[in-house]
Amino acid sequence: MTGCRRRRVRALWARASLRSRVLVPAVALLAAGFTAFALVTGNALRDYMEDRVDAQLRTAATVFALVPPTVAEHGADQTPSANLAGLGTDLLGNPVITYVAGDGTIESSIDSLAGHRDGDARGPALPRLDTAAVTARGGRPFTVGSTQGGTRWRVIAVPRAERAALPGTGVGKPAGSGSVVVATSMDQVDGTVSRMWQNYRTTGLGLLAVLAVAGWFAVRSGLRPLSRVEQTAAEIAGGDLSRRVPELAGPRTELGRLAAALNGMLGQLETAFAARAESEARMSRFVADAGHELRTPLAGIKGLTGLHRMGALTGREDIEATMSRIARESERLARLIEDMLLLARLDENALRTTGSPAGTPMPGSPAGSRPPGIPPGLDLAPADLRTLAADALHDVRALDPARAVTLTGPGGHGPPAPAPALADEARLRQVVTNLVGNAVAHTPPGTSLRIGVGTAGDHAVLEVADEGPGLTPEECVHIFERFYRADTSRNRATGGAGLGLSIVRSLVTAHAGHVEVDSVPGRGATFRVLLPQHSDRHVPSGTTESGAPPGTAALT
């Protein structure tokens, strides 16, 4: 087969349907199996029949080796009790008995059907069989052709032996030496094997045709579930992501496992597309909010600088007030940009170290070592969260003296307790500042706050609780998501860009901890930070004898 033809065959096979890919090899294997079976059985039958002919040839050769040619040819006339030629006929059917001299010349030949045999197959085409040739063959049967026609003959040649005259024959010892050759036609053997081959061809081709048709319907029925999978996939490609592959077979079968795997994949795809749509929606909201937040200070700065350029600010007091407003708006703009850059850096570090976004919670770490997954950019050192809690309490009282602020243990039970952790104190201060600022911004003036600090199990705990309006269960689920705002308005006093709590979660997660919220609408909210507890329980310097930071007892 040329290279071009092979390429055409491969291209044709590549375009074949799965049904053809299954059925054609199956039929080819069946045909090969039938052929191999026919070859084995045909050769076995031929060998068996040839062995029977060989056994009969040996028996006949043994008998005729003892009989002179004249007795074999005229035995019926010389003795009424022995017709040895008839004996050979009974043994082999229609044998040809040939007596050969020692030099290989034929002395006589006896054909039981002489004058009645077909002219195209009158006898065996014997080779020269002198004494040496007969001895070399060792009495083993061999096959020769016919003097006319294509008939095969099975032949055996054995030497004659000198012996006394047979009783009642009057024949003495034969003179000289020679051989006797007994041959029989293989027409019966060849005819039987030929009929067997013909039967095999007829029945085999018919059986292959029946099996091919039955296989076509069986494969079509077996592949019908795949057609349903194809139909479902087409509907999903059309946009219906809620479609699922029906249960095509048992869960332990190939089709059952395929359906389960496809449904699992489809579920993940639907979830991913829904998350993508939600992310795009949040991004759209963030772009609008961030654009508003950025535009507002920029517009103020632009307007104030325009007034100054036009000479509208004549007095020194006006110029100082304008510069103060420009400074405040610039600081606000810088804070927003810094928040966005911080989230981007946390994401980059988290993906580099763990392969997960910064908001993905990570397990705790062995005590006394850098927890796995903590970005190398954090400046870790042993710290006590009570110090951060006490500083936060001072800040709240300084900003809003009307608020009642207390410092307690976790859950409001008992006094504040040591909370050792391996952390970047500056970053954790930003976490506490954001939590306290969130509580102050989203609760009415004068609402009580509680800051709890201590340990719970293997974690150091710091929590900020308020008695404000609280959050709904849906808001609790999304409150830490980036760009999410419980208040969807763009009022800067309540709306914001939705980055504060996202920064809290990202920073806490970067410390191998996690943050959670407990809230009931109308009964306030509690934001709780849990960090892996540090094994070094040494109390930092600067604490009171009771174990609390200085000034804590007076503030509780």
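Quick note: the coordinates plus some simple rules give every number you see, no bench work behind them. Just so we're clear, the structure is a prediction, and the values are computed from it rather than from any experiment. Glycine gets a Cβ as well: all are built from the backbone with ideal geometry, and neighbour counts include every protein chain shown.
Relative contact order for the stretch 378-484 using alpha-carbon pairs under 8 Å, separation at least 6, rounded to a whole percent?
On the way: 169 pairs, mean separation 33.4, N = 107.
Here the relative contact order equals 31 percent.
Give me the net charge of A212's neighbourhood, meaning all other residues with Cβ under 13 Å from the Cβ of A212; Lys, Arg count +1, Asp, Glu -1. Can you show the working numbers first?
Numbers: positive: R19, R220; negative: none.
So the environment of A212 carries a net charge of +2.
Quote the relative contact order of the stretch 233-333 in percent (integer), defining contacts as alpha-carbon pairs under 8 Å separated by 6+ residues.
The value is 20 percent.
Each 10 Å bin from 0 upward holds the following percent of the Cα-Cα pairs of the stretch 383-452: 20, 53, 25, 2. Please list, by residue number, every one of the GluC sites (Glu not before Pro) in the stretch 172-248 that is coil in DSSP and has at most 16 other beta-carbon atoms within 10 Å. Answer by residue number: E247. Peptides 94-106, 439-451 ranked from most to least packed, by the mean per-residue count of other Cβ atoms within 10 Å: 94-106, 439-451.
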